[in-house]
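Each remark here refers to the structure printed beneath this line.
The values are calculated or read from the model by the stated rules, or taken from the named source; none is laboratory data. Being a predicted model, the structure only gives us computed values, none of them experimental. Note that we place each Cβ from the backbone using ideal geometry, even for glycine, and neighbour counts take in every protein chain shown.
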Amino acid sequence: MTPRFSAVIATFSCILFASCVPYDESKDKKKATKNPPQKTVTSAEQQKLQAQRDAMKEKQDTTKPEDVKPTTTEPTGGSVPQNNTTTTPATPEKRPEYKFANKVPGKDGFVFSPYNNKVVDVRDIPSGTLVQDPTYTGEGKGYFRVP
């Protein structure tokens, strides 16, 4: 019984000793890399940027079409002048045309994406609705219309 008792005492003393020794946690942590300092903008650079913004704003203002063009006409024989103002409607912006998806035969509510021919679930989405392709990986959003 003494050999077992001495083995138990030795095991207990090893566990006790291991619990008393401090564990060095610094070797488990990865060293953080320092980010390079951010470049600060000087007042001269800020003035240059502001001048560029102002130039762009003026360019946009000059190229903007006028929405309303009033015209006046002289009366030919009456004593009361009439102001006839006519407005020209603004030209509507051309909206991009989106592709229509193809239905999956035999599966209601599923369509093939027009971009990569993967199956997309469009259940409970009305026909003609514009949706974004969740499987599209190219640049842009990959919108298409539900057939």
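See the values below:
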| read-out | value |
| --- | --- |
| Verdict on residue 82 being on the phi < 0 side of the Ramachandran plot and modelled with pLDDT of 75 or more | no |
| Residue list for the range 126-147, restricted to those being closer than 20 Å to residue 95 by Cβ and surrounded by fewer than 15 Cβ atoms within 10 Å (Cβ to Cβ) | 126, 127, 128, 129, 130, 132, 139, 140, 141, 147 |
| Residues located in the range 91-125, provided they are part of a loop (DSSP other than H, G, I, E, B), surrounded by 13 or more Cβ atoms within 10 Å (Cβ to Cβ) and without any contact (Cβ under 8 Å) to a residue 40 or more places away in the chain | 104, 109, 113, 114, 115, 116, 122, 125 |
